[in-house]
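Trainee: One structure, as structure tokens, below. Some questions next.
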Amino acid sequence: MPVLFTVIGICAIAALLLAAFAPYIRRCAGGGVCTSNARLNGKTVLITGANTGIGKETAWELARRGARVIMACRDLTKAETAAHEIREDTGNKQVIVRELDLADTRSIYQFAENIITEEKLINILINNAGVMMCPFSKTVDGFEMHFGVNHLGHFLLTFLLLDLIKSSAPARIVNVSSFAHTFGRINFKDLQSEESYDGGLAYCQSKLANILFTRELAKHLKGTKVTTNSVHPGCVKSEITRHSSVMSLAWKVLTFLIKTPKQGAQTSIYCAVSEELQEISGKHFSDCSPAFVAPQGRNDGTASKLWDVSCKLLEIRWA
């Protein structure tokens, strides 16, 4: 019995200490903040997955800075609601919604065609949308969902919009990756996870692909005045964890360690607007600072091979 009381006492003290320091821990977990005051009047920004989470917060902040913001989303109802909120809050009426389903290459081609016809500029492209730890499924074109949406979808979108982006230079491309890339490996023998599937590993592979894509894209963009960088937004409370009951439970238990969407959007905003990054390309950032990249994310051979394989899968030729 004394041992039981001791354990209960220790747990009670720990709980009190945790409650007392929770606000401080939350502030520390919030991470870096973009301090740039750069305005974006006359600039056009395109953000995928901008109807919720860090995408919505990024759209809100860039609209507040005066940009014309194109919210590229699959769910038009949610997107229109989010756009209305942003327009009302910022007073910026140049916040528009366009339909884009990154799990369908036909949708990507149609979206890009419409944007090229409608828009004169794309100064900032933020490849933000993604799926996480979903059950095994395939895109319309037969790609494993994580690899197809998180990597190939944005790879194709960037390819199709690149001439417009180049003509809008100076311009920036921001790819939202994750620290999860550290646990990823590019399995060229089973890219589509058909031989075996693990939602966590598939997600990690797709996030590593984002890092490698950024690295290789930076080489292709040399001399164009278009830069590209990747970001880790941090552990953010958003809808992306909806497919994982384990992650959802962890988010609830460790809520004081989890960033809000606004906090999670800071590094994307930083890479989109910060003056000091005007000529920085091919790098990775977190908390508005340079971030660690795992060795497999720094492998030029893997990056080049992934680039070639992606072009082949999508049946495109990227000079």
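Trainee: Determine, for 217, 314, 161, the number of other Cβ atoms within 10 Å of each Cβ, and report the residues in order from fewest to most. Don't jump to the answer; show the numbers that get you there.
Mentor: On the way: 217 25, 314 18, 161 21.
Ordered from fewest to most neighbouring Cβ atoms within 10 Å, 217, 314, 161 come out as 314, 161, 217.
Trainee: Something else now. How large is ³J(HN,Hα) for each residue in the range 198-207, as worked out from phi by the Karplus curve 6.51 cos²θ - 1.76 cosθ + 1.60 (θ = phi - 60°), to whole Hz, x for Gly and Pro?
Mentor: 9, x, x, 5, 5, 5, 4, 4, 5, 6
Trainee: Which ordering of 213, 292 is given by a fewest-first count of other beta-carbon atoms within 10 Å? Numbers along the way, then the final one.
Mentor: On the way: 213 25, 292 11.
In increasing order of surrounding Cβ atoms, one gets 292, 213.
Trainee: Amide H neighbours of residue 185 under 5 Å, at least 5 residues apart or on other chains, H built in the peptide plane: list them.
Mentor: It is 205, by chain and number.
Trainee: Assigning unit charges at the beta carbon (Lys, Arg +1; Asp, Glu -1) and nothing else, what dipole magnitude in debye, to the nearest 20, does the range 41-313 show about its Cα centre? Intermediate results must be reported in sequence, preceding the final value.
Mentor: Working: 31 positive and 28 negative charges, 106 e Å.
Charge dipole of the range 41-313: 500 debye, to the nearest 20.
Trainee: Follow-up. Return 143, 179 ranked ascending by Cβ neighbour count within 10 Å, so the fewest neighbours appear first.
Mentor: Values: 143 21, 179 18.
Listed from fewest to most nearby Cβ atoms, that is 179, 143.
Trainee: What relative contact order, as a whole-number percentage, does the range 82-150 give when Cα pairs under 8 Å and 6 or more residues apart are counted? Present the calculation step by step, with values, prior to reporting the outcome.
Mentor: Values: 51 pairs, mean separation 18.3, N = 69.
Across the range 82-150, relative contact order equals 27 percent.
Trainee: Separate question: Run the numbers on the range 33-136 and let me know its relative contact order in percent, using alpha-carbon pairs under 8 Å that are six or more apart. Kindly include the intermediate steps, with their values, before the conclusion.
Mentor: Working: 170 pairs, mean separation 32.4, N = 104.
For the range 33-136, the relative contact order is 31 percent.
Trainee: Check which residues have an amide H placed less than 5 Å from residue 133's amide H, if you skip close sequence neighbours.
Mentor: 203
Trainee: Right, another one. Cα centroids of the range 32-102 and the range 200-224: how far apart, whole angstrom?
Mentor: 24
Trainee: Going toward the positive end of the dipole of the range 93-207, with +1 on Lys and Arg Cβ and -1 on Asp and Glu Cβ, which of 200, 169, 136 do you reach last?
Mentor: 169
Trainee: Something else about it: When Lys and Arg each count +1 and Asp and Glu each count -1, what net charge do the other residues less than 11 Å away from residue 192, Cβ to Cβ, add up to? Can you show the working numbers first?
Mentor: Values: positive: 138, 189; negative: 141, 144, 190, 194, 195.
Net local charge, residue 192 excluded: -3.
Trainee: In addition: Place +1 on the Cβ of every Lys and Arg and -1 on the Cβ of every Asp and Glu in the range 261-319, take the dipole about the Cα centre, and give the residue among 304, 288, 261 whose Cα lies farthest towards its positive end.
Mentor: Checked the options; the winner is 304.
Taken together, the values in this text are just the output of simple stated rules run on the coordinates, not laboratory data. If you're wondering where the values come from, they're calculated on a predicted model, not measured in any experiment. Cβ: placed from backbone, ideal geometry, glycine included. Neighbour counts: every protein chain shown.
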